[in-house]
Amino acid sequence: MIVKDEFLSRLRKIFDLNLYEVKVWTALLSRGTSTAGELSNISDVPRSRTYDILESLEKKGFIVMKLGKPIKFVALKPEEVVERVKKNLLRQAQEKSKRLESLKKEEVLEELTTLFTQGIKFVEPSDLSGSLKGRQNLYNHLDMMVRDAEKTITIVTTREGLNRKLEVLMPSLEKCKKRGVKIRVAAPIDKNNLKVAKEFKKVAEVRNLENMKARFVIIDSNQLMFMLFDDEKFHPNYDTGVWINTEFFASALEQMFELAWKEMKPVR
């Protein structure tokens, strides 16, 4: 059996398997049913590892062990495997979510918070900075910044960025609005995102940003997150942002933004 390395690599990423697992699984798929020894020869996986790999695949729902001697293994339809893997992932995610939620009531979180509180005293504000890669990481951090806002939130984004931020940030922005936080949003507005802009108006003052393309968020005039790349030209996995905690720079950028803000047209 010859399976291209590129195909095996794709399977590893899609199904979260290691190299030996995808080799044994594809070997079994090509045979339908087979013994561990036969699969070892076909897949070029060491015989000493084959039983462990087959046991792992069985637990993950990829194959079934057939009773009898010699022990044989049966491949399941790929469609069935996809359904089983999906169900297992959902179940595992729910279990992890419950465990993390339970931490809020346990001493573990209190001890971790104490460690952080003590450690942060020795950190200079300028040291609270870093770079984040991947759009999901960026939005997770932005959501944290928004949730911590006390006075003001300034969001400058692109057309598509406005659509994404509605989905990701709206719940936290609604809570900020109730706390009295002043929220401003600037982005290019057209017929494709006008509806989203009007949704943002429920929690923020929204204005049309023309003749400029930028992506940054300022919180309380002291925290700043700015994105380095054009979101239309780079894949979300390569999107990169820089987060800094500096009142000097954040305040200066916000003052410059004020000048542009006055020239922007409010969304109606």
Checklist line | Sole exception among (1) farther than 18 Å from R31 by Cα; (2) modelled with pLDDT under 90 for L76, by number | finding: (1)
Next item on the list: Give the range 1-30 a look and list any residue that's within 11 Å of F62 (Cβ to Cβ) and acidic (D, E), or say none.
Entry: E21
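So is T152 touching a Ser or Thr at 6+ places or on another chain (Cβ under 8 Å) and either modelled with pLDDT of 95 or more or assigned by TED's automatic domain parsing to the domain that holds F257 (or both) or not?
For T152, the condition - touching a Ser or Thr at 6+ places or on another chain (Cβ under 8 Å) and either modelled with pLDDT of 95 or more or assigned by TED's automatic domain parsing to the domain that holds F257 (or both) - is met.
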Check: Any chance the range 245-261 includes a residue that's within 14 Å of V156 (Cβ to Cβ), at pLDDT 90 or above and either outside the structural domain of Y139 (by TED's automatic domain parsing) or part of a loop (DSSP other than H, G, I, E, B) (or both)?
Finding: no
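Determine, yes or no, whether E210 is in a helix (DSSP H, G or I) and of a type in the set (D, E).
Taking the combined requirement at face value, the residue does not satisfy it.
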Margin query: I'm told Y238 meets every condition in (1) within 22 Å of V146 (Cβ to Cβ); (2) touching a Gly at 6+ places or on another chain (Cβ under 9 Å); (3) among the aromatic types (F, W, Y) except one. Can you identify the failing condition by its number?
Written below: (1)
Next item on the list: Test K165 against the criterion of being surrounded by fewer than 20 Cβ atoms within 10 Å (Cβ to Cβ) and in a helix (DSSP H, G or I), and give yes or no.
Entry: no
Next item on the list: Kindly indicate which of K191, K195, K177 is in the same structural domain as L132 (by TED's automatic domain parsing), surrounded by 14 or more Cβ atoms within 10 Å (Cβ to Cβ), of a type in the set (D, E, K, R) and not in a strand (DSSP E or B).
Entry: K177
Margin query: Here are the criteria: (1) closer than 22 Å to R135 by Cα; (2) surrounded by fewer than 11 Cβ atoms within 10 Å (Cβ to Cβ). Tell me which single one I244 does not satisfy.
Written below: (2)
Checklist line | Qualifying helices (runs of 4 or more DSSP H) (wholly inside the range 1-83; at least 3 residues being loosely packed, with under 15 Cβ neighbours inside 10 Å and either without any contact (Cβ under 8 Å) to a residue 24 or more places away in the chain or within 36 Å of the chain's Cα centre (by Cα) (or both)) | finding: 5-15, 47-59
Margin query: Name the single residue that is farthest from R268 (Cα to Cα) among those in the range 156-191 being touching a Lys or Arg at 6+ places or on another chain (Cβ under 8 Å) and of a type in the set (G, A, S).
Written below: S172
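The values are calculated or read from the model by the stated rules, or taken from the named source; none is laboratory data. Note that the coordinates shown come from a computational prediction; the quantities given were computed from them, not determined experimentally. Every residue, glycine as well, gets a Cβ built from its backbone with ideal geometry; the counts of neighbours run over all protein chains shown.
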